[in-house]
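Trainee: Mind looking over this structure? Questions follow.
The values are calculated or read from the model by the stated rules, or taken from the named source; none is laboratory data. These numbers come from a predicted model, not from an experiment. Here the Cβ positions follow ideal geometry from the backbone for every residue, glycine too, while neighbour counts run over all protein chains shown. Accessible surface areas use protein heavy atoms only, side chains included; no ligands, DNA or RNA. Shrake-Rupley method; radii C 1.70, N 1.55, O 1.52, S 1.80 Å.
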Amino acid sequence: MSLPSRLRNFWRNIAHRDRVERDLDNELHAAFALLVDEHLQKGLTPADARRATMLQLGPLDSIKTQVRDVRGGAGLETLWHDIRFSLRLLRRSRSFTVAAVASLALGMGAGGTVFGLLNALRLRSLPVAHAEELAELRLNGPRCCRHTGRNRQVSLPLWQEIARHQQEFSALFAFADTRFNLAPQGEVRYVEGLYVSGEFFPALGVAALGGRMLTPADDRAGCATAPAVISHALWQREFGGAEDVLSRTLSLRSGHHPIVGIVPPTFLGVEVGRRFEVALPLCASGFDRRDHWWLAVMGRLAPGWTPAAADAHLATLGPSLLEAVVPSSYGPEQARDFRALRFSVRAAPNGISPLRTEYENPLWLLFGIAALVYLTACANVASLSLVRATARQPELAMRFALGATRFRVIRQLIVEGALIGIAGAIAGVALAGVAIRVITTAISTSTDPIVLDVGPDWRMVLFYAVIVALTTVAFALGPALLASGCAHTHDGWRSTESRRRVAVREILVSVQVAMSVVLVSAALLLVLTFRNLNAMDVGFTRQHVLVANVFLSEQDHPPATRATFLRDLTSRFAALPGVAAAAYATTPPLGGTTSGTIVLSRTGAGEIKGEVVRNQVANGYFSAMEMPVVSGRPFMDSDTPQSPRVAIVNETFARKFFPDTSPLGQRFMDGTEEFEVVGLVRDSKQYFLREEFRPISYTAAAQLAGPPAPTMRFVIRSGVGTTAITDSVRKAITDASPSAGIRFATMADQSAQSIGREQLMATLSAFFGLTALALAAVGVFGVVSYTAASRQREIGIRLALGARAAHVLRSVFSRLAVTSGVGLAAGLIVTSSVSAMAASFLYGVASRDLRLLTLTAGVVAAAALAAAVVPVRRALATDPVQVMKAE
């Protein structure tokens, strides 16, 4: 039969089943009538003729079954029957179905959550044509220049040299992440933005949703009113999706820019985890210093070029490019370090991402933890399936007695397992979707939004397809083989149960207990790490401190007036009700800003060089931050631009530069200025809570020779909480300068954000650990319940004959103790072996802490014991009289 004929028959058998059945019935009856006529012609009576025909053909229903089994679509029809039958059985066993689906939903949801984040951060390609051609150009070596942005690699002059001389890329572009302020005055309203070279959009092949994209013609020197393109989201949010948006001007605090295009909603940029809403040409930035690194460089490799070949070529071209743009302000050592920099090229089909660097390794660790949760869920459902198979033993035996083959029964049991797996996957997808949104929101802040493309793609579909298949094999195939084998033998399935099924269930429980030990141990380690970081002494107060960032207009506040404005605004803050202290600082701690400098220290041993953090602070800074001066004095009103330069240093600075002597009275050079140390303060964290204490030099803001910067940062400590004083601080700023921009933060929030990664790991691992513990408890409950139920007759007889309850308890718990003990031992061994892998994520806790391992074992053992209490009490409540009557 030809293929078209086969397809027509297949469609007819599936789509017109009733007609096919009628035709089959008519054919069989016609054949039966013909045979009866033949027997009648041979002289048989009508009754004998019908009897002979029935003996010749056999049962008509059997013939129909044979025909159905060989016609096209029979397998699909049988599968549909199995699905309908399985759904009826699962609907009748609601408790088992709910428990199995819930267990798998937790396991699959845990894995899906972490894999979804990994896929979005690491695996998903950029939504541009031929993303595999993209590569990133990086600069490696000592960072000796001024930095701005998350993706700073090169300066504008160096980018221009690269663009003129490179041969490796068919299209090359540069960009810089930034933020633009949409508010003309008052509290700032930031949107994420980009400065891009003219080749950015053409090289990526991004076409405008409306208008046009930026081109090389827009990126020309002196573009004061450069055109802007905006994102689809900004168009909808700020302009209400107005059709005339391309005739409007985007007003930023930095200037006014005509809107020339709208970016498609699918394109968020090339930095994964972020999205831009405004893009301006590079020329609009005004950054052209040779010692200012703020640009990232990407492009499409030219035909025939690979990242390795481009790397080799740039190794020879790089020195001449660097030589052409050595900053004239550099001394000999800085110039030497600058020339020692080296270029490298790496494939970048999935973009670039500092967020990926920060979270990729933690997410792989969490993925391993989630995989253990998934395996625990599979083991739990396999255990439940064995219990259910025991209850279904008479049903399976009857099906075999009626002629069902073992393959047919196993196939139906596997279909049941697949339906549960699919239901668990659907619930897991929903759970993972909610969890990913919650996690993304948790690691985002109002000033640092995180945006990830977590929509379904082929990797997510493949991931869930694989885990559904593995789940079906893990908890459906094994129990199906055991159950069908026991029922098929008809030789006393209880003995087979005792030899096989109980052993398998106990192994599963041991596996669950072992994985619970690993997961609870990991959860305790990461939770203790987060607690240690959150409770550590950072050297200053984190509570009730408001950080006010004030951005002054160059027109309203020229340099000559800023010092007076700074003093006046500080006085206004100090006079507000509820404010305990207020002060100015160029670099408040945990704010993400840096001010490193090279310090030359004069000691009896000669000159010592070292990198320190320099912070200019006002007189009341140490009081506002509750940083006590250990020795010496704080800054005073007598410290003026005309008086000798003074500094206050922290303990790490003193140990590094003035070992074995008091720092007070010592002098050091910072650039061309000499400072005398007049005070010593305690060590404090500057950038992150995990960092080691850095040497810090505090100098008096009042001694600043030049005018203050237009961006001013104040720390304001309140006795009534930061929320209560925010409005009054905002009013004080707007009263002093209506055109000033304002951004608020709290020291507590900045502290929490600095350990956001640790909080995420602690939260997820704690949830995974509790989930695994609950699943293990359910597994223990099932084993003990079945054991106690199967021995109920024995227990009743022993109690009737005078056995003590303690002896019965010992007999029931002895097997549980062995099973749980094996799991505990295996879990502790695995934990000790793999815990070193998590050492880099820990803080203040040893990865193989004996007390922690003991606590973990105790928690898991207590959970197993608690799970066994109810079924054991139920078994001990057996009435011996009723048992004896039954006998």
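Trainee: I need a count of the residues in segment 118-169 that are in a strand (DSSP E or B) and of a type in the set (S, T, N, Q).
Mentor: 1
Trainee: Further question on the same structure: Count, please, the residues in segment 831-853 that happen to be in a helix (DSSP H, G or I) and buried (at least 16 other Cβ atoms within 10 Å of the Cβ). Write out each step before concluding.
Mentor: Start the filter on segment 831-853 by keeping residues that are in a helix (DSSP H, G or I), which leaves 831-841, 850-853.
Pick out the ones that are also buried (at least 16 other Cβ atoms within 10 Å of the Cβ) and you get 831, 835, 838, 841, 852-853.
Residues flagged as in a helix (DSSP H, G or I) and buried (at least 16 other Cβ atoms within 10 Å of the Cβ) within segment 831-853 amount to 6.
Trainee: Of R655, R645, R667, which residue is charged (D, E, K, R) and closer than 20 Å to G539 by Cα?
Mentor: Values: R645 fails: closer than 20 Å to G539 by Cα; R667 fails: closer than 20 Å to G539 by Cα.
Checking each option against the conditions leaves just R655.
Trainee: Could you please find all residues in segment 423-453 being closer than 24 Å to S103 by Cα, open to solvent by 30 Å² or more (accessible area, probe 1.4 Å) and of a type outside the set (G, A, S)?
Mentor: I426, V429, L431, V434, R437, V438 - these are the residues of segment 423-453 that are closer than 24 Å to S103 by Cα, open to solvent by 30 Å² or more (accessible area, probe 1.4 Å) and of a type outside the set (G, A, S).
Trainee: Going through segment 662-720 one residue at a time, which ones are surrounded by fewer than 18 Cβ atoms within 10 Å (Cβ to Cβ) and closer than 15 Å to V613 by Cα?
Mentor: M669, G671, R682, Y687, F688, E691, E692, F693
Trainee: Quick test of your reading of the structure: D48 fulfils all but one of (1) of a type in the set (D, E); (2) over 30 Å from L431 (Cα atoms); (3) modelled with pLDDT under 80; (4) open to solvent by less than 80 Å² (accessible area, probe 1.4 Å). Name the failing condition by number.
Mentor: Checking D48 against (1) of a type in the set (D, E); (2) over 30 Å from L431 (Cα atoms); (3) modelled with pLDDT under 80; (4) open to solvent by less than 80 Å² (accessible area, probe 1.4 Å), the one that fails is (3).
Trainee: While we're on this one: Do we find a residue being under 27 Å from V520 (Cβ atoms), free of Cβ contacts under 8 Å to residues at least 40 places away in the same chain and of a type in the set (V, I, T) anywhere in segment 426-437?
Mentor: Within segment 426-437, one or more residues are under 27 Å from V520 (Cβ atoms), free of Cβ contacts under 8 Å to residues at least 40 places away in the same chain and of a type in the set (V, I, T).
Trainee: Something else about it: Could you please find all residues in segment 194-234 being open to solvent by 40 Å² or more (accessible area, probe 1.4 Å) and in a helix (DSSP H, G or I)?
Mentor: Of all residues in segment 194-234, those open to solvent by 40 Å² or more (accessible area, probe 1.4 Å) come to 199, 202, 205, 207, 209, 211-212, 215-217, 220-222, 224-225, 232.
Within segment 194-234, P202, P216, A217, H232 meet the criteria.
Trainee: Next question, about the same structure. Filter segment 291-333 down to the residues that are touching a residue at least 12 places away in the same chain (Cβ under 8 Å), closer than 20 Å to S344 by Cα, in a loop (DSSP other than H, G, I, E, B) and open to solvent by 60 Å² or more (accessible area, probe 1.4 Å) and list them by number.
Mentor: P303, W305, listed by residue number.
Trainee: Here's a follow-up. May I ask you to list the residues in segment 67-95 that are modelled with pLDDT under 80 and of a type in the set (F, W, Y)?
Mentor: Hit for segment 67-95 is W80, nothing else.
Residues checked against (1) more than 26 Å from I439 (Cβ to Cβ); (2) in a helix (DSSP H, G or I); (3) open to solvent by 60 Å² or more (accessible area, probe 1.4 Å):
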| site | (1), (2), (3) |
| --- | --- |
| R84 | yes, yes, yes |
| V98 | yes, yes, yes |
| L104 | no, yes, no |
| G116 | no, yes, no |
| F175 | yes, no, no |
| P184 | yes, no, yes |
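Trainee: Moving on. With respect to L252, determine if the residue is at pLDDT 90 or above, under 30 Å from I742 (Cα atoms), crowded, with 18+ Cβ neighbours inside 10 Å and under 36 Å from the mean Cα position of the chain (by Cα).
Mentor: On the way: at pLDDT 90 or above: no; under 30 Å from I742 (Cα atoms): yes; crowded, with 18+ Cβ neighbours inside 10 Å: yes; under 36 Å from the mean Cα position of the chain (by Cα): yes.
Taking the combined requirement at face value, the residue does not satisfy it.
Trainee: Quick one: which strands (runs of 3 or more DSSP E) sit completely within segment 586-639 and have at least 3 residues that are at pLDDT below 75?
Mentor: Values: elements: 596-603, 606-617, 629-632.
The qualifying strands (runs of 3 or more DSSP E) are 596-603, 606-617.
Trainee: So if I check each of V381, V345, which one is among the β-branched types (V, I, T) and in a helix (DSSP H, G or I)? Write out each step before concluding.
Mentor: Working: V345 fails: in a helix (DSSP H, G or I).
Being among the β-branched types (V, I, T) and in a helix (DSSP H, G or I) holds for just one of V381, V345, which is V381.
Trainee: Restricting attention to segment 556-573, and to residues there that are of a type outside the set (K, R) and farther than 15 Å from D735 by Cβ, which single residue is surrounded by the most Cβ atoms within 10 Å (Cβ to Cβ)? Can you show your working first?
Mentor: Step one: list which residues in segment 556-573 are of a type outside the set (K, R), which gives 556-561, 563-566, 568-571, 573.
Filter once more, keeping what is farther than 15 Å from D735 by Cβ: 558-561, 563-564, 566.
Working: P558: 12, P559: 12, A560: 8, T561: 13, A563: 16, T564: 11, L566: 22.
So the residue we want is L566.
Trainee: Out of the residues in segment 407-422 that are surrounded by fewer than 18 Cβ atoms within 10 Å (Cβ to Cβ) and under 27 Å from V461 (Cβ atoms), which is modelled with the lowest pLDDT?
Mentor: Among them, the one singled out is R411.
Trainee: Could you please tell me which pairs satisfy a Cβ distance under 7 Å, a separation of 6+ or placement on different chains, a first residue in segment 153-165 that is surrounded by fewer than 17 Cβ atoms within 10 Å (Cβ to Cβ), and a second residue that is polar (S, T, N, Q) and part of a helix (DSSP H, G or I)?
Mentor: Cβ pairs passing all conditions: none.
Rundown of residues vs (1) at pLDDT 90 or above; (2) in a loop (DSSP other than H, G, I, E, B), yes/no style:
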position: A469; (1), (2): no, no
position: V473; (1), (2): no, no
position: A480; (1), (2): no, no
position: C486; (1), (2): no, no
position: A503; (1), (2): no, no
position: Q512; (1), (2): no, no
position: N534; (1), (2): no, no
position: G539; (1), (2): yes, yes
position: T570; (1), (2): yes, no
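Trainee: Conditions first: (1) in contact (Cβ under 8 Å) with a residue 24 or more places away in the chain; (2) open to solvent by 10 Å² or more (accessible area, probe 1.4 Å); (3) of a type outside the set (A, V, I, L, M); (4) at negative phi. Q642 passes all but one, so which condition is the exception?
Mentor: (1)
Trainee: Moving on to the next point. Can you name every residue in segment 645-660 that is outside any helix (DSSP H, G or I), farther than 17 Å from A700 by Cα and touching a residue at least 12 places away in the same chain (Cβ under 8 Å)? Steps first, answer last, please.
Mentor: First pass over segment 645-660, keeping only residues outside any helix (DSSP H, G or I): 645-650, 658-660.
Now drop any that are not farther than 17 Å from A700 by Cα, which leaves 658-660.
Hit for segment 645-660 is F658, nothing else.
Trainee: Just wondering, is there one or more residues in segment 724-738 that are over 29 Å from L689 (Cβ atoms), in contact (Cβ under 8 Å) with a residue 12 or more places away in the chain and outside any helix (DSSP H, G or I)?
Mentor: Checked against the condition, which is being over 29 Å from L689 (Cβ atoms), in contact (Cβ under 8 Å) with a residue 12 or more places away in the chain and outside any helix (DSSP H, G or I), segment 724-738 yields at least one hit.
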